[in-house]
1. Given R₀ = 45 Å, FRET efficiency for residue A:193-residue A:581 by Cβ-Cβ distance, to 0.05?
2. If you take the C-alpha gyration tensor of region A:1-146, multiply each eigenvalue by 5 and take the square root, what semi-axes do you get, largest first, in whole Å?
3. Under a 5 Å amide H to amide H cut-off, with H placed in plane at 1.01 Å, what residues pair with residue A:583 once short-range neighbours are removed?
4. For the peptides A:315-321, B:211-217, A:938-944, what is the packing order when you average, over each peptide's residues, the other Cβ atoms within 10 Å and list the highest mean first?
5. For B:85, B:118, A:365, which order do you get if you count the other beta carbons within 10 Å of each Cβ and list the fewest first?
6. Are there any GluC sites (Glu not before Pro) in region A:895-994 that are in a DSSP loop and have at most 10 other Cβ atoms within 10 Å? List them by number.
7. Grab the DSSP H runs of chain A that are 4 residues or longer, score each as -39,500 (n - 2.57), total them, divide by all residues and round the 222 nm result to the nearest 500 deg cm²/dmol.
8. Need the C-alpha centroid separation for region A:700-733 versus region A:321-361, integer Å.
Amino acid sequence: MRTEIYYKNPQLDGRAKRLLEQLKQSVSPLINNVKIVDVYITHGIDQLTPELAKKLFSDTVAQKPSIHTPAAFKKELADAEWRYLFEVAYKPGVTNPAVITLKSVIEAEIGKKICDADVILQTAMQYLIESPALEKNIVEKLKRVFFNPVVQVLEFRDGGLDALENHPLPTVYPYKVVQSNAVIEKIPIHQMAEKELKEISEKKFLALSLDEMNAIKNYFADENTARARLEAGIGQDATDAELEMIAQTWSEHCKHKIFQATIEYKDNETGETENIKSVFSTYIKKATKELSEKRPFLKSVFHDNSGVIDFDDENLVCFKVETHNSPSALDPYGGAITGVLGVNRDIMGTGKGARPFFNTNVLCVGEVETHESKIPEGLFHPRTILKGAHQGVKDGGNQSGIPTVAGALLFDESFIGKPLVFCGTGGILPYKIAGEGSWIKHIDAGDFAVMAGGRVGKDGIHGATLSSQAMEEGTPAAVVMGDPMTQKIMLDFLLEARDAGLYKGITDNGAGGISSSLGEMAEYCGGVRIDLHKCPLKYDGLAPWEILVSESQERMSLAVSPDKIEEFLELAKKRGVEATVVGEFTNSGFVDIRFGNERAGLLSLEFLHRGNPEMRLKAEWQRPETADIPLPELDCNVILKTLLNESNIASKEVFVRQYDHEAGAGSVVKPFTGKNSDAPSDGAVIRPVLTSKRGITVTHGICPRYGDRDTYNMAACAVDEAFRAHIAQGGNPEYAAILDNFCWPDPIESESTPDGKYKLAQLVRACKGLYDAAIGYSLPLISGKDSMKNDAKIDGKKVSVRPTLLISLIGIIDNFEKAVTTDFKDEGDFIYIIGNTNGELGGTSLEKLARMNLGKAPMPDINNAFKLYTALSKAISRGLVKSCHDISDGGIAIALAESCLGGDLGADISIDMLPGTDKNTETARILFCETPSRFIATIKPDNIKEFEDIMHGYSVCKIGSTTKDPVLKITRDRNYVVDMPVSKIAEAWKREDF
Amino acid sequence: MIIKTAIITGFGINAEREMEKAFSLAEAAAEKVHIQDFMDSPALIHNYHILALPDGASFGNHLGAGFVFARMLEKSLRAELEKFVASGKLIIGISNGFQILAKLGLLPNLSGSCSPEVALIHNDTGVFENSWLKVSFNKESRCVWTKGLDEMDLPIRHEEGCFIAVSDAVLERIENDKLVAVRYLTRNPNGSVNNIAGITDTTGRVFGLMPHPEVFIFPENHPKWSSEQILEAEGIKIFRNGVNYIKENFS
């Protein structure tokens, strides 16, 4: 039965109005109107009469249902004669959260549970387009707006009512997923020759190298292995489940092989060569280790699902940032929402379980101005990716009640092959749970392995291994779709169970599914038995190995002791969460995989986790040639206006306003600030505990273009950017920790990557920069992630992202009432610049505008900046600083413009005496260079002495004052170099045309 | 006197913590209760003076925001809820909570038979919006929650908040009976008819609104706290009104 729901008065449908505006703008102005019909398809439920369906699916106040006649024939929709009809439904096997709700409401109404196998429940969206006949390519463009062939199916009618009459819409969409046989395949890997090993890896999408396949072969050929397998009755051949589990565990995604590799790093600048045994240990872990005494707030770093630090005596906070790049390239909406919910689960799976309380998000896409013809076949236009990913981030946060408090949108032509979607979440957990430190996972042999949450389907199989490969045409679609509601219900239950002490250990199911989660948890006690046949399935037709590696969402794995299991399962049932015992933790030293009475696998934990061969790689650093060329005389007013409108600098309010950023009532500094709440903040300040004066700051640093000159500078600048934003908001300089997320192009030299040595050298240099900055600022790294194959290969052409390092910071502000925002507050306040202006233009926004190489990249003074920050922080905590804005993209001119906009005030500025510059420094260089470690601050005239006393000995300079007349005026040698009213600043900066 | 307030949770409601905080700052004894516990034992609701339905995305807002939650309540709890209101007790629903009360027919309940008379449909902008704006309270309204209030800055955070009535006659009665408790003042963010942001029922004891007083419970929640003096977190006044009403009528 098809039940179609439409608005009684279609003009009231805000969704349709919005869509129409977008279509007129981005597809064709000839489109006159759009109407939307919601379609519910139900089969196999006798009690669901048409009368009941009408009542259940429509809001009688605003909507009308139609069952026998298609809604498209009804006068409300057909009067103006639509020409085109698009109806979009999900492909079989793709999770459709609306169906889960549909099922709940029907079950509640008929008073009994529905068995999935007996019924069909589907939803679809129908769009009716009123327009004259459109050209073929316009119609194709429309199709691309409505439907993504990776996850959806489309019904299309051209020709209005006649077309629909002649070709009615389907009464049901395809619903059967491809069936697999429930058999265990045996692979005699111990006997295989190299060629066969290679073939197996390719055929099964294992993404394992020959070295790795050989290591697996050797393991299975080993006498001890053979004996143990014989005794267990499993035979010497490897099973498909075992190979899949190894492939997941050893995937670049899970194992970070490049960060663990031994790298021979040749520096052609110094002529020296060094052998670096794991850049992770050598730089990242080492920095934290060296800082651990100085920064005693660290609780759990690197090894858990997120990094954990002390918040106060009673609570800990944790933070994790993940990427979800490949899935978002295939399905921007699904990829992004799954990214958000996935990193939420990392928090839920930290220690004994934390509660997410904020999200952050950084989206990197190609330039939105890119012409359609420049988009390689098979890839989405950056605008489409941006729109989809933004909606995914929005729904992921908003529907979960987790505020999206900070982040960025970045546009760069190098992201055209693969977007970068960074999703971060912070969590809070009580210091102790059931008498034990909450950050400690505690799993004993004999505990039950429990899976809680959604069921297992074919979603996202091979997600971990796929993200470790370049995207090519024909890549199988491993797309998953997150469902915030299912996850929220699970979270409510888990927190209740946690506080009642019903479980001991928890981790999330993300990449690799239970093969990863249970495999990791087994390390705590020394083994696990997995009973695959006990895993609840969404539908029949999954092979055992598919159950093992499925990435079906909204699932957690837990360790529950035998004396609590009954209570745990009972509570789960009461809260509507499916929880199933799927195995038992052991101390056998093995992962023992069963499928009914069959043995599906027996892998030594030691081999699984530490048996992968170490990679040996080569890196060679050759500094790209560059020269600081003198700038010609430029009209800085024009440049300022252009930069304000540049996509990376311009306001992102049109996107950010759609994120709920104050759920939880802890919001102190919001994404936008100032008189009209329209000027940018440097980050977020929020309160995790509403009874405490203590707050946290959340900031980011990201500057991929600086890496064109040297990724060392890029990394150091990213750390500085995150840290100085923390300082600008009033954060405690001695109380912050950072996360690193590397998104790199493939850095391994090969036929397809001839410049691998250079790209790997860029990685080494970024790690060096990260280490030096972390040590210089005493900023411990607590968690991180890398994604190393951000290339796309389309039509034989390779498109790689710029090496990108995102730094995310979580810090403490001792008293949130002392937080400072970026907007100028009152007229007559003195404006100071803090920090030296060194004039670097390499990789800056000005360079991007100039389309030419403008010399060296910016570099913070990491040996001295910390002292400067400490002094500034002292001034802020004494309440002397009325506004503070960090100087980043676009330099001081942009920072001043933004602060003027926030205060709706003007500023009279002279740049004659700017520290670090002299009379020969070109004006444009002074205004637009992006030297880090700088701020613009305002001080009340009464307070300047105290301020200057505190800042004595540091680079601080009074450069002007705020004015009531809302015009930004900057002079040099008494000549106006910038003269721009705030209204013009607003006009240029506030963009809506992304 | 202890004012017992049940903060309803479950099925995708997600603003229970701030609602609990708001009521406790208004000196009520607030307690989170999973809606399943009420559905299993409906009479339990009478242990409380106030029921609060927080914001959220109940059932993912599929089939319309608040719709499925309302269907669930209708099935198992409506009769007890009507008794609860008739006994002089209070209900408040914010955002998703308002949508639930409207779809349940408890607001405005002109007919007395709990049939839906108003709806909160997609914003006329077609998008979710989180921003602050000024609202004004209707001094003539019989709503006990808004008594004595004049104007207030509050945030909105919703995608489906456009208030409509099923007919002109219903709208007229809502206006004539002074059931409109709060209107958008500086701008109408979603296309609501007559700028309606919140209404009460015919008893004045059931109140639903789209703006969020429960996230203006500290001065620093206000977006301009760093540039203007925000002396009081005004959102609490609404909760205090509810608590005071119970004190006056039940002690």
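Rule-based calculations on the coordinates, nothing more; no lab input. What you are looking at is a predicted structure, and each value in this text was computed from that prediction instead of being measured. Cβ sites come from the backbone with ideal geometry, for glycine too, and all protein chains shown count toward neighbours.
1. 0.60
2. They are 31, 17, 12 Å, listed from largest to smallest.
3. A:449, A:531
4. Per-residue mean Cβ counts within 10 Å order the peptides as B:211-217, A:315-321, A:938-944.
5. B:85, B:118, A:365
6. For GluC sites (Glu not before Pro) across region A:895-994 that sit outside H, G, I, E and B with at most 10 neighbouring Cβ atoms in 10 Å, the list reads A:992.
7. Rounded to the nearest 500, it is -9000 deg cm²/dmol.
8. Between the Cα centres of region A:700-733 and region A:321-361 lies a distance of 23 Å.
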